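Laboratory data are not the source of any read-out in this text; all were calculated from the coordinates shown. These numbers were taken from a predicted model, which means no experiment stands behind them. Neighbour counts run over all protein chains shown; Cβ positions are idealised from the backbone, glycine included.
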Ligand SMILES: [Zn+2]
């Protein structure tokens, strides 16, 4: 089904209502004086919330009024502040294949940009938030996708197309039909330009309904994940041959629906902060997992496989020494993304 074809059945007022409306905003319009906020300990991010008023004790930096704070779950985990001079603008001539044209930025903007991706899980005053009006829709839609994944299975969900998602909603009462508002929201997120919130990666999938043909993928035993046959599968097998069975696939090919669910969940985790979310997860349609990139880890290393700790393992060092393996997001890359030593680049 082509984009928007699915909307034809219910072109309601709500389908139009979102048109032209900004999805995002800065959280604090006036108080840029309110210093940028950083949490030096990302692992504490969601477990030890401090009230903003407690954390920003300086009365010269008033807490913005509620209405100014945008998203309902505004940034609250604050440990200390560092200076920061605003979001770098992508140059008009941004080369989307290679991030953006960093030569168009001045030194201050470059420093600001690098500070953001090096402190990817921190909160910066210039971060862009999903507009508060989308909060309940964000939660509702994400929960709906969670039901699809739980009901259809994690493995299948990795490959699920948008049309299959709609079908699952229609066919299974335990999932339930997607509402026009949810579908509009998914479209809005998919077609939004993420340069606006600081992600500069390439658009990989033009259409939300793009699908991954089942015949093109191979299931990787005991992983719950799939790889594209050919170059991608061969690269994975070669790495394991050269490094050993301790290397495992932690995420393979991912459909737009899967990436959407991950991104929305990450946005909730980031309390509506799209900039923060996209520093560690590509927005839907922008993930190279859709065209063959994959993530590897080490058996028994658990969640640390998705942290910088992975780069300290002997497996990683062996992989880095192979010569034929590249990682997609090296340190200080131009995509607006954190360092991801586990993410293997195809081609
Ligand atoms: Zn990855």
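Express in whole angstrom the spacing between the alpha-carbon centres of the range 312-347 and the range 271-297.
15 Å
Starting from the Cα gyration tensor of the range 152-303, multiply each eigenvalue by 5, take the square root, and state the resulting semi-axes largest first in whole Å. Mind dumping the intermediate values first?
Numbers: eigenvalues 144, 75, 43 Å².
Largest first, the range 152-303 gives 27, 19, 15 Å.
If you rank 266, 215, 241 by fewest surrounding Cβ atoms within 10 Å, what's the result? If you can, show how the numbers build up before the last one.
Working: 266 20, 215 7, 241 10.
With the sparsest Cβ surroundings first, the list reads 215, 241, 266.
At a Förster distance of 25 Å, what's the computed FRET efficiency of residue 139 paired with residue 203, Cβ-Cβ distance as r, to 0.05?
Working: r = 26 Å, r/R0 = 1.06.
Calculated value: 0.40.
Calculate, in whole percent, how much of the Cα-Cα pair population of the range 178-264 lies beyond 17 Å. All intermediate terms of the calculation are to be shown ahead of the outcome.
Values: 2256 of 3741 pairs.
Here the long-distance tail beyond 17 Å is 60 percent of all Cα pairs in the range 178-264.
Please order 147, 254 by the number of other Cβ within 10 Å, starting at the fewest. Before the final figure, lay out the partial values.
Numbers: 147 16, 254 27.
Least to most surrounded, the residues fall as 147, 254.
At a 10 Å Cβ-Cβ cut-off, how would you order 295, 245, 332, fewest neighbours first? Present the calculation step by step, with values, prior to reporting the outcome.
On the way: 295 21, 245 8, 332 12.
Least crowded to most crowded, the residues run 245, 332, 295.
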